[in-house]
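Asker: I'd like to ask some things about the structure below.
The values are calculated or read from the model by the stated rules, or taken from the named source; none is laboratory data. Just so we're clear, the structure is a prediction, and the values are computed from it rather than from any experiment. Neighbour counts run over all protein chains shown; Cβ positions are idealised from the backbone, glycine included.
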Amino acid sequence: MAKKVFIWSAHPRAGSLSDALADAYAMGAEQGGAEVRQLNLSAMTFSADFPGYTDTRSPLEPDLKAWQDNIAWADHLLFVHPYWWGAMPGRAKAVLDRALLPGFGFKYHREGLGWDKLLKGKTADTIITSDTPPWYDTLRNRKPGRRVLKNQVLGFCGVKVRKIIQLGPVKTSKPTKIEGWIARAQRMGAKAAI
């Protein structure tokens, strides 16, 4: 049976480097025999307003419901996004706030601090682009964007992160370097299909 791969390009602008990396990953996964679905943040329409987790939530907009449906459908995920102010863009974070809900991604126990990880059994790769050199982000900042996504988002919901990479600095990279990153994303996609 073909592996099901969902790719989310979490950049608010269409035609971004994140989109190019997502497209290359999708190509690699499809060439490897995976069934692929892709959704780009730039094409999603939803309200970013989030009043917090309450019992009286309004229904999700169609694009947020589609995001959830794709997460539920997939065996393997790719999240690719730029690194802005130490994290993913606010609009991408709003998708997590609005759609990675209790009862979907996790479920708190009635008593105590425990929770159930409702997305257990899924795996993920993440690709983060940045103008901050990854070595500097690791040494100086202790890689907050990578840690949050791996541990406090995906890991919290039970998704096992296989590979998390940060590519940069984007603003000073020559086209040949960026082409190398795109080829790397395609190779990662091919491995995800296995």
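Asker: Does residue 104 count as at pLDDT 95 or above, farther than 19 Å from residue 40 by Cβ and of a type in the set (A, V, I, L, M, F, W, C)? Reasoning before the result, please.
Answerer: Details: at pLDDT 95 or above: yes; farther than 19 Å from residue 40 by Cβ: yes; of a type in the set (A, V, I, L, M, F, W, C): yes.
The answer is yes for residue 104.
Asker: Does at least one position in the range 17-30 carry a residue that is touching a Pro at 6+ places or on another chain (Cβ under 8 Å) and buried (at least 16 other Cβ atoms within 10 Å of the Cβ)? Walk me through it before giving the result.
Answerer: Of the residues in the range 17-30, the ones touching a Pro at 6+ places or on another chain (Cβ under 8 Å) are 17-18.
Those still in the list that are buried (at least 16 other Cβ atoms within 10 Å of the Cβ) too: 17-18.
Scanning the range 17-30, I find at least one residue that is touching a Pro at 6+ places or on another chain (Cβ under 8 Å) and buried (at least 16 other Cβ atoms within 10 Å of the Cβ), so the answer is yes.
Asker: Filter the range 115-144 for residues that are at pLDDT 95 or above, of a type in the set (S, T, N, Q) and in contact with a Phe, Trp or Tyr (Cβ under 8 Å, 6 or more places away or on another chain) and give the result.
Answerer: Of everything in the range 115-144, those that are at pLDDT 95 or above, of a type in the set (S, T, N, Q) and in contact with a Phe, Trp or Tyr (Cβ under 8 Å, 6 or more places away or on another chain) turn out to be 126, 129, 130.
Asker: To continue, here is another question. Pairs needed: first member in the range 21-41, in contact (Cβ under 8 Å) with a residue 40 or more places away in the chain and within 15 Å of residue 126 (Cα to Cα); second member anywhere, among the aromatic types (Phe, Trp, Tyr) and assigned to a helix (DSSP H, G or I); C-beta distance under 8 Å; at least 6 residues apart or different chains.
Answerer: 21/181
Asker: Would you mind finding the one in 115, 135, 84 that is out of contact with any strand residue (DSSP E or B) (no Cβ under 9 Å at 6 or more places or on another chain), farther than 25 Å from residue 23 by Cβ and of a type in the set (Phe, Trp, Tyr)?
Answerer: That would be 135, the only listed residue that is out of contact with any strand residue (DSSP E or B) (no Cβ under 9 Å at 6 or more places or on another chain), farther than 25 Å from residue 23 by Cβ and of a type in the set (Phe, Trp, Tyr).
Every residue, every condition in (1) touching a residue at least 40 places away in the same chain (Cβ under 8 Å); (2) out of contact with any strand residue (DSSP E or B) (no Cβ under 6 Å at 6 or more places or on another chain); (3) β-branched (Val, Ile, Thr), yes or no:
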| site | (1), (2), (3) |
| --- | --- |
| 94 | yes, yes, no |
| 127 | yes, no, yes |
| 146 | no, no, no |
| 159 | yes, no, yes |
| 173 | no, yes, no |
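Asker: Scan the range 67-79 for residues that are touching a residue at least 60 places away in the same chain (Cβ under 8 Å), surrounded by 14 or more Cβ atoms within 10 Å (Cβ to Cβ) and more than 14 Å from residue 12 (Cα to Cα) and jot them down.
Answerer: Selection gives 70, 71, 74, 75, 76, 77, 78.
Asker: Same structure, new question: Pull up the range 55-65, narrow it to residues that are under 15 Å from residue 96 (Cβ atoms) and part of a helix (DSSP H, G or I), then point me to the one that is nearest to the chain's Cα centre (by Cα).
Answerer: Here the residue is 64.
Asker: Same structure again: What is the residue count in the range 4-25 for residues that are outside any helix (DSSP H, G or I), small (Gly, Ala, Ser) and in contact with a strand residue (DSSP E or B) (Cβ under 9 Å, 6 or more places away or on another chain)? Spell out the reasoning first.
Answerer: Taking the range 4-25 as the starting set, the residues that turn out to be outside any helix (DSSP H, G or I) are 4-16.
Cutting the leftovers down to small (Gly, Ala, Ser) gives us 9-10, 14-16.
From what's left, in contact with a strand residue (DSSP E or B) (Cβ under 9 Å, 6 or more places away or on another chain): 9-10, 14, 16.
So the count comes out to 4.
Asker: Can I ask one more? Out of all the residues in the range 45-66, is one or more touching a residue at least 60 places away in the same chain (Cβ under 8 Å) and within 30 Å of residue 142 (Cα to Cα)?
Answerer: No: zero hits.
Asker: Another one. hydroxyl-bearing (Ser, Thr, Tyr) and under 12 Å from the mean Cα position of the chain (by Cα): which single residue out of 123, 138 fits that description?
Answerer: Working: 138 fails: under 12 Å from the mean Cα position of the chain (by Cα).
It is 123.
Asker: Now for a different question. Name the single residue that is surrounded by the fewest Cβ atoms within 10 Å (Cβ to Cβ) among those in the range 38-54 being within 14 Å of the chain's Cα centre (by Cα) and of a type in the set (A, V, I, L, M, F, W, C).
Answerer: Looking at residues that are within 14 Å of the chain's Cα centre (by Cα) and of a type in the set (A, V, I, L, M, F, W, C), I get 39.
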